[in-house]
Amino acid sequence: MFMINNNLSQKQFLGKICDILYCCHVYLNAICYLRFPAVFCALYYKHMDFQLTEEQIAVQLAARDFARTELLPGVIERDEKQKFPAEQIKKLGELGFLGMMVNPKYGGSGMDTISYVLAMEEISKIDASVSVCMSVNNSLVCWGLEKYGNEDQKQKYLTQLARGEKIGAFLLSEPEAGSDATSQRTTAEDKGDYYLLNGTKNWITNGNSASYYLVIAQTYPEKGHRGINALIVEKDSPGVTVGAKENKLGIRGSDTHSIMFQDVKVPKANRIGDDGFGFTFAMKVLAGGRIGIAAQALGIASGAYELALKYSKERKAFGTEISNHQAIAFKLADMATEIEAARLLCHKAAWTKDQGLDYTLSASMAKLFASDIAQRVTNEAVQIHGGYGYVKEFHVERLLRDAKITQIYEGTSEVQRIVISRTVLKG
Ligand SMILES: Cc1cc2nc3c(=O)[nH]c(=O)nc-3n(C[C@H](O)[C@H](O)[C@H](O)COP(=O)(O)OP(=O)(O)OC[C@H]3O[C@@H](n4cnc5c(N)ncnc54)[C@H](O)[C@@H]3O)c2cc1C
């Protein structure tokens, strides 16, 4: 649906011409009038563009419309019954939201990361159980395969995943290996033309609904994290068992399971990258994944804020709408400010990735901040709703429960602080 088209490339081309003309104009001014400081400021600000493109706005509106019409009805029931949103995910795939950044030649929508962040925010405002599935498929599985998979792997697996015909899962965590992902106990023994996979993975999103797993496993224990491999494993391979669905605090519709491997034969052709590349693969993929989770946290926060804002103008106490009480108005001011700051961090991280720059730091900052404000904003949204915020019909209690996971998965907040502090201390 959202394929990159010729109009877009023409526009981008015209944009570049305008940029060049603008630079020439500024340069000539500089030479003629020696107004260097003003010139440099002008150049700098020319490149601070906070406006979304028409295409990005179209994606945002389409995601918003989908969330309201397809996700809102039934979201409370799905949460209560822990029902996986299979139908909704199928439709999401048909609209191109499951392979958003994948090149159209592999069945994707060919969009930028900013568009992905915009869509993630809109979907997460209504149903974070759907957006986590979308995030894993887009940023961990599809992106990982497109960036590091070989042509055969892309043809065989990526195309179906990007079209949403199949769903993928990313299997790194284990009972004894969470934040310390180097302690992989799952083994992928080299048996010549195949690997023999044994072990257990924990907390796997899309664990039951996925057809293809990207599994991180240890091949050479003596080499530590340099002995780890990443393998594509088909869920229906003999020896794969899916454990019971986890009974969770939030994102209860999402499909979280343990996955057990017993003597599973994985063809060598299914290894991603060189022998021993698995740990680097996992870290690279997770850095991008954090932008998706940051956007999820942002969406949960902005969904709760929009509900609280509306409610504050309707609910009356002491003869007036509660928004007229300064205590409530100031809460709304803080929520709006924090959300805006989180949005800027998310967009900066997405932009950095789209520019081909190193986005590890900006992704961690965005995830750390957005997940923290998701906690605070959803908590305040419940407070603004008073007793009504404590019951399911008003949605904000679910958003409060959903917000918590964004501080835990794809690297806890403590792990994000490790990543950020290491970078800032290096100078
Ligand atoms: C709903 C859900 C879905 C998930 N989906 C997936 C998935 O699809 N694929 C996947 O592979 N994993 C998934 N996970 C796993 C998730 O990524 C891990 O739970 C997370 O990385 C934390 O690992 P852990 O639970 O083992 O906690 P631990 O690593 O045991 O951490 C416990 C606490 O100690 C802190 N801690 C640990 N080490 C340090 C340190 N060096 N310094 C300071 N503090 C530290 C942590 O921050 C945390 O607060 C999911 C988890 C959940 C709950």
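The values are calculated or read from the model by the stated rules, or taken from the named source; none is laboratory data. Small disclaimer: the values here were computed from a predicted structure and weren't measured. So basically every Cβ, Gly included, is an ideal-geometry build from the backbone, and we count neighbours across all protein chains shown.
Going through 345, 357 one at a time, which residue ends up being within 22 Å of the chain's Cα centre (by Cα), of a type outside the set (Asp, Glu), away from the ligand (no atom under 16 Å from the Cβ) and not in a helix (DSSP H, G or I)?
After applying the criteria, what remains is 357.
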(request) Evaluate the following for residue 422: is it within 16 Å of the ligand (Cβ to nearest atom) and surrounded by fewer than 14 Cβ atoms within 10 Å (Cβ to Cβ)? (result) yes
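Is it the case that some residue within region 345-361 is without any contact (Cβ under 8 Å) to a residue 24 or more places away in the chain, more than 16 Å from residue 303 (Cβ to Cβ) and crowded, with 19+ Cβ neighbours inside 10 Å?
yes
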(message) Considering only region 155-163, I want to know if a residue exists there that is closer than 25 Å to residue 412 by Cβ, of a type in the set (A, V, I, L, M, F, W, C) and in contact (Cβ under 8 Å) with a residue 24 or more places away in the chain.
(response) no
(request) At least 2 residues that are at pLDDT 95 or above and buried (at least 24 other Cβ atoms within 10 Å of the Cβ) in each: list the strands (runs of 3 or more DSSP E) lying fully within region 213-327 that qualify. (result) 228-234, 256-267
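Going by the conditions given, is residue 381 in a helix (DSSP H, G or I), under 23 Å from residue 308 (Cβ atoms) and within 16 Å of the ligand (Cβ to nearest atom)? Before you say what the answer is, go through the steps one by one.
Working: in a helix (DSSP H, G or I): yes; under 23 Å from residue 308 (Cβ atoms): yes; within 16 Å of the ligand (Cβ to nearest atom): no.
Answer is no for this residue.
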(request) List every residue pair whose Cβ atoms sit under 8 Å apart, with the two residues 6 or more apart in sequence or on different chains, where the first one lies in region 246-258 and is farther than 18 Å from residue 124 by Cα and the second, anywhere, is hydroxyl-bearing (Ser, Thr, Tyr) and within 7 Å of the ligand (Cβ to nearest atom). (result) 246/256
(request) Would you please name the residue that is nearest to the ligand (Cβ to nearest atom), looking only at residues in region 404-414 that are under 18 Å from residue 174 (Cα atoms) and surrounded by fewer than 20 Cβ atoms within 10 Å (Cβ to Cβ)? (result) 412
(message) Checking the structure you have, find out if any residue of region 79-92 is surrounded by fewer than 24 Cβ atoms within 10 Å (Cβ to Cβ) and touching a strand residue (DSSP E or B) at 6+ places or on another chain (Cβ under 8 Å).
(response) yes
(request) Scan region 212-223 for residues that are away from the ligand (no atom under 15 Å from the Cβ) and either closer than 21 Å to residue 158 by Cα or touching a strand residue (DSSP E or B) at 6+ places or on another chain (Cβ under 9 Å) (or both) and report the count. (result) 3
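Here's the yes/no breakdown for (1) within 12 Å of the ligand (Cβ to nearest atom); (2) at pLDDT 95 or above; (3) not in a strand (DSSP E or B):
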| site | (1), (2), (3) |
| --- | --- |
| 162 | no, yes, yes |
| 166 | no, yes, yes |
| 169 | yes, yes, no |
| 185 | no, yes, yes |
| 189 | no, yes, no |
| 200 | yes, yes, no |
| 207 | yes, yes, yes |
| 210 | yes, yes, yes |
